[in-house]
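Take a look at the structure set out below.
The values are calculated or read from the model by the stated rules, or taken from the named source; none is laboratory data. Keep in mind it's a predicted model, so treat the numbers as computed, not measured. Reconstructed Cβ throughout: ideal geometry from the backbone, glycine too, with neighbour counts over all protein chains shown.
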Amino acid sequence: MSGVIEKIGKKILDFLQTVGEFMTLLVEILFSVREAPRNLPAILQQMAIFGYETVPIATVMAFFVGMVLALQTGAELYKYGGQNIIGAIVGHSMVRELGPVMTSFLVAGQVGSAMAAEIGVMKVYEEIDALKTLDIDPVRYLAMPRFLASIICVPVLIVYADVVGMLGGAMISHLHPKIFISYSTYYDSLKTALTFHEVGTGMVKAFVFGGTIALVSCYIGFRTTGGARGIGVSTTRSVVLSFMLILALDYFLTRLMM
């Protein structure tokens, strides 16, 4: 019995230590933001990676998500003659939930994993220790540019995905023979649904998810050990942890802003 209690206590202590390290890294990143102008080339480079890596996949993902939303809801609404509100349903779903969550998943899997792997390689091969020897702060040099690039680019990508998803929904709503509504009807319904509160909720989630992805990826990368195998484990861990935190934060943010 005492052994079980000891294991539970160790798990709790490990969890609290991880939370403390997360918060410490976040504070260090925010403190080093004042040095952002000196790191502008690195920030722009990371922003370019976000765009290059995710825009093509985000386009395909959002377009088909919007099409599926319109198809499924339209088929049900058609039975009751309510297909005129498809635009509102697609817009509401994309802006508040599917756009932020799906795009953040994509960024975490595509860019976040690359962040964790890159920093993990530097940690394993002692390049981070070399930076410290040269009196270069690894948080300012590595984490801060990625964090700023993420909180800038993820909201932009989410807005882009929302628009593409709505276009996909509009196309299906107009072309499918059982759902058919005009583009003007779809647009009027969409315009009614997209209030300032709806858009604001999506943007708050976008900033929080972007910061979370960068923070998790950098944290896992800085604590990578064990050679090539450790790098692979860290990469997987960063993606899984990002997914879990995005879903948890999505619930709490939704509950807070209802």
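A compact table of results
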| quantity | calculated |
| --- | --- |
| Identity of the residue in segment 179-195, of a type in the set (Gly, Ala, Ser) and either touching a strand residue (DSSP E or B) at 6+ places or on another chain (Cβ under 9 Å) or surrounded by 15 or more Cβ atoms within 10 Å (Cβ to Cβ) (or both), that ends up nearest to TYR80 (Cα to Cα) | SER189 |
| Index of the failed condition, PHE207 passing every other in (1) more than 30 Å from TYR78 (Cα to Cα); (2) among the aromatic types (Phe, Trp, Tyr); (3) not in a helix (DSSP H, G or I) | (3) |
| Search result, residues across segment 77-129 that are of a type in the set (Phe, Trp, Tyr) and under 14 Å from the mean Cα position of the chain (by Cα) | PHE105 |
| Subset of segment 64-88 that is surrounded by fewer than 21 Cβ atoms within 10 Å (Cβ to Cβ) and in contact with a Ser or Thr (Cβ under 6 Å, 6 or more places away or on another chain) - its residue that is farthest from LEU190 (Cα to Cα) | ASN84 |
| Qualifying residue in segment 94-108 (condition: assigned to a helix (DSSP H, G or I) and within 14 Å of SER234 (Cα to Cα)) | yes |
| All positions within segment 70-108 that are of a type in the set (A, V, I, L, M) and under 21 Å from GLY200 (Cβ atoms) | ALA88, ILE89, VAL90, MET94, VAL95, LEU98, VAL101, MET102, VAL107 |
| Long-range neighbours under 7 Å by Cβ, at least six apart or interchain, first residue over 15 Å from GLY99 (Cβ atoms) within segment 185-201, second in a helix (DSSP H, G or I) and hydrophobic (A, V, I, L, M, F, W, C) | TYR186/ILE86; TYR186/ALA170; SER189/ILE85; SER189/ILE86; SER189/ALA88; THR192/ALA88 |
| Matching entry among THR24, THR59 (being within 24 Å of VAL101 (Cα to Cα) and among the β-branched types (Val, Ile, Thr)) | THR59 |
| Residue match in segment 1-12 (condition: part of a loop (DSSP other than H, G, I, E, B) and modelled with pLDDT under 85) | yes |
| Subset tally (residues that are closer than 22 Å to PRO145 by Cα and out of contact with any Ser or Thr (no Cβ under 9 Å at 6 or more places or on another chain)) for segment 219-236 | 1 |
| Criterion: in contact with a Ser or Thr (Cβ under 6 Å, 6 or more places away or on another chain) and modelled with pLDDT of 90 or more - qualifying residue of ALA116, ALA149 | ALA116 |
| Filter result (free of Cβ contacts under 8 Å to residues at least 60 places away in the same chain and either of a type in the set (Phe, Trp, Tyr) or over 30 Å from GLU127 (Cβ atoms) (or both)) within segment 202-240 | MET203, VAL204, PHE207, VAL208 |
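The rows are residues; the columns are (1) touching an Asp or Glu at 6+ places or on another chain (Cβ under 8 Å); (2) in a helix (DSSP H, G or I); (3) at pLDDT 90 or above.
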{"site": "ILE29", "(1), (2), (3)": "no, yes, yes"}
{"site": "PRO37", "(1), (2), (3)": "no, yes, no"}
{"site": "ILE43", "(1), (2), (3)": "no, yes, yes"}
{"site": "GLN46", "(1), (2), (3)": "no, yes, yes"}
{"site": "ALA62", "(1), (2), (3)": "yes, yes, yes"}
{"site": "ALA70", "(1), (2), (3)": "no, yes, no"}
{"site": "ALA75", "(1), (2), (3)": "no, yes, no"}
{"site": "GLY81", "(1), (2), (3)": "no, no, no"}
{"site": "ASN84", "(1), (2), (3)": "no, yes, no"}
